[in-house]
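One structure below.
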């Protein structure tokens, strides 16, 4: 099965520090599912954003879970070069503007016009949007992370904002699904 | 308000970090743990530091501890046990 995998710079697993060598098979103990090689379907991508995106080949059996897939054996095939700084920035900005739209009806009335008219994230930052509502506090956070160019933080807080207006985990996952569709289109992956 | 998110909180991550490093977390709990690491720089740093502590501690032997350090540690543990109401005099 061909899947996707985010890694830190240099093809390094971000949590274990394991350094992958492209093309070389890596094998985990078959009876240790917690140590299997993890990868993403397109729908999982927003949950695992990192510096490098790779296509990976996974050997059977492949266990499909809610936010990732896993296999006892896998290898890196090639970098998805489309995931670069400019696409990451565009994704981050898209998440931030969407968060603005989600938050807008929940902001303190005195803030709404200014936030609706803002032509840039810098302009939103100049407004004290956190004042008076939880949605405003999340929006302020989203804008802060977006301006710092942090896609993982921006998209996560955007999904939390979506979930905070009453939809709970379903709303969180729906926001992540929107983000996944944006990434699939932006990166031209299926 | 309790947030509806799929990952653990920073506080939960701190409580689970030893089990994570010792590969004792069930698969679903490990996923929740790593979902949190996906966006939280502070917890990534904490995990890295805990891994370094564990690796350093694995290299320690009783003989490798200087006598003064060993005495200081034993004294600290004695005081700590008294303070926590232990059963030693």
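Readers should treat all values here as calculations from the given coordinates under stated rules, not as data from a laboratory. These figures come from a predicted structure and were not determined experimentally. Backbone-built Cβ (ideal geometry, glycine too); neighbour counts: all protein chains shown.
Structure above, values below:
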read-out	value
For chain A: relative contact order, % (alpha-carbon pairs under 8 angstrom, 6 or more apart)	20
Contact order normalised by residue count of the range A:2-79, Cα under 8 Å, 6+ apart, percent	40
Two-site FRET efficiency, residue A:126 against residue A:90, from Cβ-Cβ distance with R₀ of 22 Å, rounded to 0.05	0.45
Label point distance in nm, residue A:165-residue A:12, each placed 7 Å from Cα along Cα→Cβ	4.0
Burial ordering of A:71, A:86, fewest other beta-carbon atoms within 10 Å first	A:86, A:71
Cut-off 15 Å, label 7 Å out along Cα→Cβ of residue A:35, residues of the range B:14-47 by amide N	B:20-27
C-alpha center-to-center spacing [the range A:93-166, the range A:25-52] in angstrom	31
Contour minus Cα-Cα distance for residue A:79 and residue A:108 (0.36 nm per residue)	6.0 nm
Amide N of the range A:27-49 lying under 15 Å from the label point, which is placed 7 angstrom from the Cα of residue A:189 along Cα→Cβ	A:38-49
Relative contact order, percent, chain B [alpha-carbon distance under 8 Å, six or more residues apart]	24
Residue order, fewest to most beta carbons within 10 Å, for B:27, A:62, A:102, A:142	B:27, A:62, A:102, A:142
Inter-label distance, nm, simple model (7 Å from Cα along the C-beta direction), residue A:43/residue B:51	3.0
